[in-house]
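Here is the structure we will look at.
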Amino acid sequence: MPDFAFELSRSFERLCGPQSDELNATLAKLCAALAAGHSCIKTAPLSSPLIGRPGEFKPLTQDKDRLYLTRYWWYESQLAKRLRQLAGEKCDVDLARLATLLDELFPASGIQPDLQKVAAAAAVMQKLTVISGGPGTGKTTTVLRILAALQIMEGNTLSIKMAAPTGKAAARMSESVRERKSSLAVSPATLAVIPETASTLHRLLGPRPDGSFKHHAANPLALDVLVVDEASMIDLALMAQLVEALPAHARLILLGDKDQLDAVDAGAVFAELCSLKSPGADFIQALKTATGVEIARSKALASSVGNAVMNLEHSHRFAAGGGIGKLASLVNSGDARGALALLQPDDLFAEAETELGWQPNSKTLLSRCDQGYAAYWQAVLAGDVGAAFAAFDTFRVLTALREGHAGVMGVNQQLEAHWQARNFIPENSLWYAGRPVLITQNDYGVQLYNGDIGLTFILEGAPRVAFKGEGNTLRWFSPARLPAHETALALTVHKSQGSEFNEVILLLPDQPHELLSRSLIYTGLTRAKKKVEIWGSNDVLSKAIAKQSIRQSGLAAALR
Ligand SMILES: Nc1ncnc2c1ncn2[C@@H]1O[C@H](COP(=O)(O)OP(=O)(O)OP(=O)(O)O)[C@@H](O)[C@H]1O
């Protein structure tokens, strides 16, 4: 029995006396499921004083065939209720005016149907919008045009905030918004009321020392529109608290990629929302009036939350027919054979995919890393901090797992030993110049957040770690002041979410592993902007692509 399950079972015993073996076994199963990201388990109803019906004050809740720790049932049911409310509230919009505005904001792009324009119309007409799309499908571009349309329609009076789950994702969102804003053809007055900085969700909600948030239903956030990027990384508990903290009149726009890995903690809220994509006939007609685009009607039963879900399909980043885009779509469709054929064409005349590489074993990994990190070490050894940051983001080894020889810890150790042997790193030195560190815990005091990456330099004989601050400034810390952290020469795919690199090596373990899945491979390979190399065997890659991990939850059912 996992530790948590053992502790729980002991406290239940103290509360109600010894429990049946059947209940203890179910509890162990439930705790293991929670640790694996499920919010509940499916099980036939058990009889126990500890298990209540929905809404009863008991530690466990049985809702139809699902058993929950009551806290998770509560998060799920509150979230479903609030999302249904949000999605059910239609906005009173002059469709003719909206049509004119959208024609101005979305000049004919030649991409038919223009789903970006449709998503924008949906976002203006409703309070809840969920936009899913792979890398470069124009989520940021679209959301900026949505914000411009909303501000113009409301006389530039809206208070808009932007946020993302990690510091890294928030920094990338801010950077991307700043870049894309210059292409918005709107008045300076409208540009001025579109924010350029995203905060982390935790900072937005205002963390308290006891783990709760300053903002909640009774003290809602002061905003009219909230845009959240990388929403697939948000777990059930955080999403429930976020939605709870929205003021009644506010709009919520969630951006993400439904095919990426789910949150680390329990829940798969974004993927579940995206599974509801089934707009109703009336809504399809209203969208057509506002955009001239008629979207297909899905066979699934329409639901108000389904009206909120928009899927962007055309990637502007990956050249049409480019290797990364092709591989990503083969992986997503579970076509392992197609993915392998693309990576290792056996047709001598087939044109090699320049964006893709393949290595069946990891024997040459260290020399490949010498090459990949060459510009980084050159900048570090020259003491050029700016160049080191720039070079560090061009290449990264991503591991599928944490533990083992091909896990992140093993690879970091091998790289450090290798670069010690090459005299880049002094022996027995923990804080060597060039040690990249990944922050793994939020620290609001020193303002370093889970996902932030710093680079170590030796200044006047002492190690100091530099982190990028606002507007490319540097913030320096002594190692003793850092919150929990680890070496980040290599990163796990999980920790790489929200980041991108020019070139990526996706390193798989030697043997198939239960933690490998289609979404892990997809997330890893789409971190690459120019080239991805998959290092692993056919067997391991095929089994990973075949495995679709589905999290147990009752959210989608409650939203239908
Ligand atoms: N409709 C469009 N026509 C032409 N180019 C576009 C269009 N939409 C987006 N782009 C371009 O595609 C690129 C990616 O756009 P954007 O950053 O908005 O996508 P994204 O989905 O937010 O990407 P990411 O996944 O990196 O967050 C940008 O260079 C942008 O200018």
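Which count do you get for residues in the range 83-117 that are away from the ligand (no atom under 12 Å from the Cβ) and surrounded by 20 or more Cβ atoms within 10 Å (Cβ to Cβ)?
6
So which residues in the range 29-54 are among the aliphatic types (A, V, I, L, M) and open to solvent by 40 Å² or more (accessible area, probe 1.4 Å), if there are any at all?
Ala32, Ala35, Ala36, Ala44
What are the residue pairs meeting all of these: first residue in the range 98-124, first residue free of Cβ contacts under 8 Å to residues at least 24 places away in the same chain, second residue within 12 Å of the ligand (Cβ to nearest atom), Cβ atoms under 8 Å, and 6 or more apart or on different chains?
Going by the 8 Å Cβ cut-off, the qualifying pairs are Ala108/Asp114; Ser109/Gln116.
When you scan the range 267-360 for helices (runs of 4 or more DSSP H) that lie fully inside it, which ones turn up with 1 or more residues that are exposed (fewer than 15 other Cβ atoms within 10 Å of the Cβ) and modelled with pLDDT under 85?
So the answer is 281-291.
Looking at the structure I just gave you, is Ala421 closer than 13 Å to Val380 by Cβ and either open to solvent by 30 Å² or more (accessible area, probe 1.4 Å) or in contact with a Ser or Thr (Cβ under 7 Å, 6 or more places away or on another chain) (or both)?
Answer is no for this residue.
Return yes when Pro463 is over 30 Å from Asn332 (Cβ atoms) and touching a helix residue (DSSP H, G or I) at 6+ places or on another chain (Cβ under 7 Å) and no when it is not.
Here the answer is yes, as Pro463 does meet what is asked.
For Ala237, work out the one condition from (1) out of contact with any Asp or Glu (no Cβ under 8 Å at 6 or more places or on another chain); (2) within 25 Å of His38 (Cβ to Cβ) it doesn't fulfil.
All conditions are met except number (1).
Looking only at the range 227-253, which residues are buried (at least 23 other Cβ atoms within 10 Å of the Cβ) and within 11 Å of the chain's Cα centre (by Cα)?
Passing the criteria: Val228, Asp229, Glu230, Ala231, Ser232, Met233, Ile234.
What is the residue count in the range 169-220 for residues that are of a type in the set (D, E, K, R) and farther than 26 Å from His249 by Cβ?
Of the residues in the range 169-220, 6 are of a type in the set (D, E, K, R) and farther than 26 Å from His249 by Cβ.
Just the residues that are part of a loop (DSSP other than H, G, I, E, B) and in contact (Cβ under 8 Å) with a residue 40 or more places away in the chain, please, taken from the range 431-452.
Trp431, Ala433, Gly434, Arg435, Thr440, Gln441, Asn442, Tyr444, Tyr449, Asn450, Gly451, Asp452
Please go through the range 139-171 and give me each residue that is of a type in the set (Gly, Ala, Ser) and either touching a His at 6+ places or on another chain (Cβ under 6 Å) or modelled with pLDDT under 90 (or both), ordered by number.
Residues satisfying the conditions are Gly167, Ala169, Ala170, Ala171.
Scan the range 398-410 and give yes if some residue there is more than 28 Å from the chain's Cα centre (by Cα) and open to solvent by 20 Å² or more (accessible area, probe 1.4 Å), otherwise no.
Within the range 398-410, not a single residue is more than 28 Å from the chain's Cα centre (by Cα) and open to solvent by 20 Å² or more (accessible area, probe 1.4 Å).
Give all pairs with beta carbons closer than 7 Å in which a residue from the range 162-182 that is more than 23 Å from Leu221 (Cβ to Cβ) meets a residue that is within 10 Å of the ligand (Cβ to nearest atom) and among the polar types (S, T, N, Q); count only pairs at least 6 apart in sequence or on separate chains.
Once the first residue is more than 23 Å from Leu221 (Cβ to Cβ) and sits in the range 162-182, its partners that are within 10 Å of the ligand (Cβ to nearest atom) and among the polar types (S, T, N, Q) give Arg180/Thr140; Arg180/Thr141.
Somewhere in the range 57-71, is a residue under 27 Å from Leu158 (Cβ atoms), touching a strand residue (DSSP E or B) at 6+ places or on another chain (Cβ under 9 Å) and not aromatic (Phe, Trp, Tyr)?
No, the range 57-71 contains no residue that is under 27 Å from Leu158 (Cβ atoms), touching a strand residue (DSSP E or B) at 6+ places or on another chain (Cβ under 9 Å) and not aromatic (Phe, Trp, Tyr).
So Tyr373 ticks every box in (1) over 23 Å from the mean Cα position of the chain (by Cα); (2) open to solvent by 10 Å² or more (accessible area, probe 1.4 Å) but one. Which box is left unticked?
Of (1) over 23 Å from the mean Cα position of the chain (by Cα); (2) open to solvent by 10 Å² or more (accessible area, probe 1.4 Å), only one is false for Tyr373: (2).
Only residues that are in a helix (DSSP H, G or I) and β-branched (Val, Ile, Thr): list them for the range 86-124, please.
Once the filter is applied, which keeps residues that are in a helix (DSSP H, G or I) and β-branched (Val, Ile, Thr), the range 86-124 yields Thr100, Val118, Val124.
Output the number of the condition that Leu455 fails; it satisfies all remaining conditions of (1) assigned to a loop (DSSP other than H, G, I, E, B); (2) closer than 19 Å to Ala382 by Cα.
Leu455 satisfies every listed condition except (1).
List the helices (runs of 4 or more DSSP H) inside the range 362-423, counting only whole elements, that have at least 3 residues being without any contact (Cβ under 8 Å) to a residue 60 or more places away in the chain, of a type outside the set (A, V, I, L, M, F, W, C) and within 24 Å of Ile458 (Cα to Cα).
Passing ranges, in order: 408-421.
The values are calculated or read from the model by the stated rules, or taken from the named source; none is laboratory data. This is a predicted model, so every value here is computed, not measured. Positions of Cβ are generated from backbone atoms using ideal geometry, with glycine treated the same way; all protein chains shown enter the neighbour counts. Areas reflect the complete protein model, heavy atoms only, side chains present, ligands, DNA and RNA absent. Shrake-Rupley method; radii C 1.70, N 1.55, O 1.52, S 1.80 Å.
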